[in-house]
1. Could you please find all residues in the range 222-254 being part of a loop (DSSP other than H, G, I, E, B) and out of contact with any Leu (no Cβ under 7 Å at 6 or more places or on another chain)?
2. Identify all residues within the range 291-322 that are under 20 Å from the mean Cα position of the chain (by Cα) and polar (S, T, N, Q); write none if there are none.
3. Say we look at the range 208-246 and pick out the residues that are of a type outside the set (Gly, Ala, Ser) and in contact with a helix residue (DSSP H, G or I) (Cβ under 6 Å, 6 or more places away or on another chain); which of these is farthest from Gly344 (Cα to Cα)?
4. As an exercise: evaluate Gly55 against (1) loosely packed, with under 15 Cβ neighbours inside 10 Å; (2) within 25 Å of Met359 (Cβ to Cβ); (3) over 21 Å from the mean Cα position of the chain (by Cα) and give the number of the one condition it does not meet.
Amino acid sequence: MSEAKDIPGIESTRRTFVKAGAATVATGAAAGFPSVTFGKKNDKKLKVGVVGCGGRGGGAMMNSMNSDDNIELWAMGDLYIEEAEKKLAMVRKYASVRDKVAPDIDGRVFGGLDCFEKVMDSGIDIVLLTTPPAFRPQHFKAAIERDLHAFVEKPCATDVAGVFDFLDTAKLAKDKGLSVLCGFCYRYSEHGRPLFQRIHDGAIGDVVSIHSTYYASPVKAMPDPSSRPDGMGDTEWQVRNWYNFTWLAGDGIVEQGCHNVDRIAWAFNDATPVGAYGSGGRQRPNNEGNIYDHFGITYEYPNDVKAHVEWRQFLTPSYQFTGDTIVGTKGVAKFGTSSAEVTGENPWRWRKPRTPKNMYDIEHEEFVAAIRSGERKDDAEWVAHSTTMAILGREACYTGKRLTWDQLEESRQKLVPDNVDLAADLPIRPMRIPGVMETQGPLGQKSTA
């Protein structure tokens, strides 16, 4: 995690995972460096590969192709090759990018659990990692070992062990001069950047409290067990419906509400919270799975400063709103998905430009520009820090306890199996119920759901 600036009234308490001790990686360990090298301007055609062709994969693919005139979609992979083929057909319908699709790409569309290796070995320069997040640490490591620049969708892991693994790989990426872009897109937004810069410059004084909400509709509902195809193994059934299982998605606060957690971290200049507590559960029945549909979390910072995040996914017509209220000693900052303002001693309001830019496009433009200029881009520590904050909040709610950052860090909690076998039996772990020990063990307990 990168060094944080102290915020007025907040003592930086950054005992980070980097310091905590991932294994040391020798500088310049691997022979051979990326085809677009660090420290050397390059105008070659950049070849892009996509691993994971769901909704976010398709979006990232379009953003990447929009980012540069001399870029080419070179390879695609998904567990189900049909999904990759659908996304390829979609891309070819857009006149703005169809000329950036390699003419012979059909021979580099891959399926299967090992498709990530085939995409990465196809001759690409940049890989977009957009599979379910449980696979992120493994795929990120494979990419950096192959000297590829990587876009890493949020979150970077679903458990503590995965974050440590991710940060180990991030050290190697740094040693190799490889750029890493993360999917916390709001830090690239046209309205978010000037607002949070004002916060950091003291426009609202010392930050004393944050209230952040993510009220939205359900996504990726779990189908009825009767719809499971005959002969499909437990693991594949869960992977196919990944959002509904904690080991695969991290639960909603880690997979989606992490954007709110990330903006809290942003407001505090990525200072590490002391601890967290909260509550959550499930009100809307689900056919299977073990995820909550609502969380309420309080993050504690020094000097009795607190940040509160509420996440829920309820059916409409439930009230829906996503945004943040950041209270300071001199004013209040408010952030919405398309608005930003400051009230108090230093009032300000963001005005939407006549030709606004998509934050998803902006992040990929800056990513590719950094690769070409040789000025390395590295979001790895930041995505790891915000992912860890989200996991801390989840586990506080799961256990019903107040958990400190140190307790979580020391747990090395592992949820993802060492080897994912689609045909394997994989019982669904019970939904976590605070105080009911048969639904959960200590943080360090290895489990598979």
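Bear in mind that the values in this text are calculations on the coordinates, not laboratory data. It should be emphasised that the depicted structure is a prediction, and the values quoted were computed from it without experimental measurement. FYI the Cβ positions are ideal-geometry reconstructions off the backbone, even for glycines, and counts take in every protein chain you see.
1. Met222, Pro223, Asp224, Arg228, Pro229, Asp230, Gly231, Met232, Asn241, Phe245, Gly250, Asp251 - these are the residues of the range 222-254 that are part of a loop (DSSP other than H, G, I, E, B) and out of contact with any Leu (no Cβ under 7 Å at 6 or more places or on another chain).
2. Gln313, Thr322
3. Among those that are of a type outside the set (Gly, Ala, Ser) and in contact with a helix residue (DSSP H, G or I) (Cβ under 6 Å, 6 or more places away or on another chain), it is Arg228.
4. That leaves (3) as the condition not met.
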